[in-house]
Number of protein chains: 2
Amino acid sequence: MYIEDYQKSRYLVIIDKLKEEIDRGNLTAGERLPSETELAKNFKVSRSTVREALRALEQENIVTKKHGIGTFINQKPLYSNGIEELFSVTDLIQRKGYTPGTKLIFSDYIIPNKHEKQKLSLKDNEKILLVKRIRTSNGEPLVYCIDKVPQYLLPNECKLDRESIFDFLEAKVNIKIDYATTSIGTTSYLPEISDALKCDMDTPLLVLKQSHYDENDQLVLYSINYFRSDNFNFHVFRKRLK
Amino acid sequence: MYIEDYQKSRYLVIIDKLKEEIDRGNLTAGERLPSETELAKNFKVSRSTVREALRALEQENIVTKKHGIGTFINQKPLYSNGIEELFSVTDLIQRKGYTPGTKLIFSDYIIPNKHEKQKLSLKDNEKILLVKRIRTSNGEPLVYCIDKVPQYLLPNECKLDRESIFDFLEAKVNIKIDYATTSIGTTSYLPEISDALKCDMDTPLLVLKQSHYDENDQLVLYSINYFRSDNFNFHVFRKRLK
DNA sequence: ACGGATTTGTTCGTATGTATA
DNA sequence: CTATACATACGAACAAATCCG
C-alpha cells in the first residue's frame, strides 16, 4: 500500500510536480507561480517545505524569486553544454546524440616529472598511468585527451585504454569523481595533437586542464583535453553576485 | 548607537564570521566545523539560522556537508577567475590588482544587420549602439570588446566610450545586468583584432560571446570579447550532478 | 503620497527521520 | 545498539519589498 512513495522527501516530490507542470506547458516561461502559501495549501505541506522546493528550483535556474512580488518561471531554459556541470567526454558526445569512439595513442605507467608530481601530489617512487587517446564523435576526431592517474589507485596492469575513465573508476575501483577545477585556454597548432585531430595550422585548439577530485577531496585524475574548436563551443551560464 | 549592524540578517553575519575564521586560519582546509547545534549555541541563534548560513557557504563551495558526519572546510581554495560569476571586464582587471584602461576604436549608432537584429530581438527601425574598444590592463592590451546595446535603452547621444558599460547602465539608466549566457570558443588570427591586441599570427584568441540579461529577463547587451589567451586563462569549478 | 493587502525573506522552536561512527 | 550529526518537516511570527486603489 504505502510502498509507492516510500522514502522520498516531500520537497523532492514537489520539485518533480512543478517540473512536470512546466514540461507539460501548464506553466510557461515568464509566468508567475502561485504564492508560496497557496502552493503549500495545494500540496498540503507547510510553507517551509514549499520554500525548500523553490529554493532548489532557483538553484537550477528554473525559477527566479522576487521579494514582495512572486516566483517566476525563467525565460531561459538553457541546458546546452553547461560547462559548470562536470561530465566525461563520453557523456558529452552521447548527449549530442553522436556515437563516441576512441583511438588509443599511448597507455603505460611512467615516472612522473616534477610538474605531474606536484599536480597529483605524489610521493617519491609513485608512478602514474599516462593515457593519450583521440576521442571521436561519429568517427570524426573531436578531442585529444591526455589523462594521468596515480598508479596506486589502480588495479595491476590496468591500461584504461577503451572505456570512459570516469566509468571505470566508478565501476571497478569505487572512486566517484565529484568535481573538478578547470582552466580554459587556447593553444595554436601543435604538431602531435593538431595532426591527430586532422586540423590545419590555422585552427586553434581549446584547452581544458582539469584536476578531478573524488568525494573525499582526493585528487584522482589530472587531464588535459584539446578540443577542435572550429566546430565546438562550450556554454556557461554566468550569474551576477550580490 | 544601533546604527551599526542595522538591517543585516543574522545568517549573513554568521557567514561573515565563519569566512573570517577561515581567512584568519582558525579554521583550515579539511577541518570539521562544530556541529550545527553547537554553532547555534555559540552564535546564540537557532539551528535553522545556522543551517541557512551553512547552506550558502556550501553553495559557494566553501564547505561541504556530509550527512551524519559533519560540515567540512573545503580543500580547494577555488575561484581565481571563476567564470560562472558574471563580472565586467573592468572588474576582472581590477580584481587581479591591475589598472584597467580603455582605447576607443569605434562608437556610433548603426542599423543592425539580420544577425544582430535577431540576437537583440529588435523591431524594424530600431538602431543599436555599436562600441568597439580595446581594454588594457596596466597599459597592456588584454581584450578587444565589441558591445551592442539597443538604442531605445540609452539616453540621447550617449556614446559609452569611457566607462564600464555595466556601471553606466546601472548608474544612469537603472538597468542592472543580472546574468548572461556565454559561449566560449577560439579563433585564429584576425587582422583587425589581433593587430590591435598586438599579438602575432600564432597567438589564438579566446572568444566569449555573451547575451546579457537584466532582472526582468530583457536582453540588454550583446557582446563579443576577444581575449589574448597567451597570458590569460579562465577558471571554472565543475561539479558532477546526481 | 499614503495605507493596506499580498508576497517573499528571516528567525524561532520543536519533532522526527536517516546516516555514520 | 547508541550517541551524534545532518536532513526533513511543521507551524508561527514578524520584517521587508512591492503593488494597487
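The values are calculated or read from the model by the stated rules, or taken from the named source; none is laboratory data. If you're wondering where the values come from, they're calculated on a predicted model, not measured in any experiment. No Cβ is skipped: glycine too gets one built from the backbone with ideal geometry, and neighbour counts run over all protein chains shown.
Assorted remarks:
- Taking every residue in region B:102-117 that is of a type in the set (Gly, Ala, Ser) and pairing it with any residue that is surrounded by fewer than 16 Cβ atoms within 10 Å (Cβ to Cβ) and not in a strand (DSSP E or B), at least 6 positions away or on another chain, the pairs with Cβ-Cβ distances below 7 Å are B:Ser107/B:Lys159; B:Ser107/B:Asp161.
- Search result, residues across region B:33-61 that are away from chain A (no Cβ under 13 Å), more than 11 Å from DNA strand C (Cβ to nearest atom) and not hydrophobic (A, V, I, L, M, F, W, C): B:Pro34, B:Ser35, B:Glu38, B:Asn42
- Scanning region B:193-206 for residues that are at the interface with chain A (Cβ under 9 Å from one of its Cβ atoms) and crowded, with 19+ Cβ neighbours inside 10 Å yields B:Thr203, B:Pro204, B:Leu205, B:Leu206.
- Condition met for A:Gly68 (more than 13 Å from DNA strand C (Cβ to nearest atom) and closer than 23 Å to A:Leu241 by Cα): no
- Looking only at region A:62-102, and only at residues there that are under 20 Å from B:Val236 (Cβ atoms) and among the β-branched types (Val, Ile, Thr), the one that is nearest to the other protein chains (Cβ to nearest Cβ): A:Ile83
- Residue in region B:37-48 that is more than 26 Å from A:Ile83 (Cα to Cα), in the same structural domain as B:Glu170 (by TED's automatic domain parsing) and among the small types (Gly, Ala, Ser) present: no
- Within the option set A:Ile3, A:Ile22, A:Ile14, being at pLDDT below 95 and either surrounded by 12 or more Cβ atoms within 10 Å (Cβ to Cβ) or in contact with a Ser or Thr (Cβ under 8 Å, 6 or more places away or on another chain) (or both) holds for one residue only, A:Ile22.
- In region A:154-164, the condition of being within 14 Å of chain B (Cβ to nearest Cβ) and more than 30 Å from B:Glu31 (Cα to Cα) is met by at least one residue.
- Selection status of B:Ile93, under 17 Å from B:Asp195 (Cα atoms), among the β-branched types (Val, Ile, Thr) and surrounded by 15 or more Cβ atoms within 10 Å (Cβ to Cβ): no
- Which numbered condition A:Gln210 misses (of (1) under 18 Å from B:Val207 (Cα atoms); (2) within 8 Å of another protein chain (Cβ to nearest Cβ); (3) polar (S, T, N, Q)): (1)
- With respect to being touching a residue at least 40 places away in the same chain (Cβ under 8 Å) and either farther than 22 Å from B:Phe237 by Cα or of a type in the set (D, E, K, R) (or both), B:Arg51 falls outside the description.
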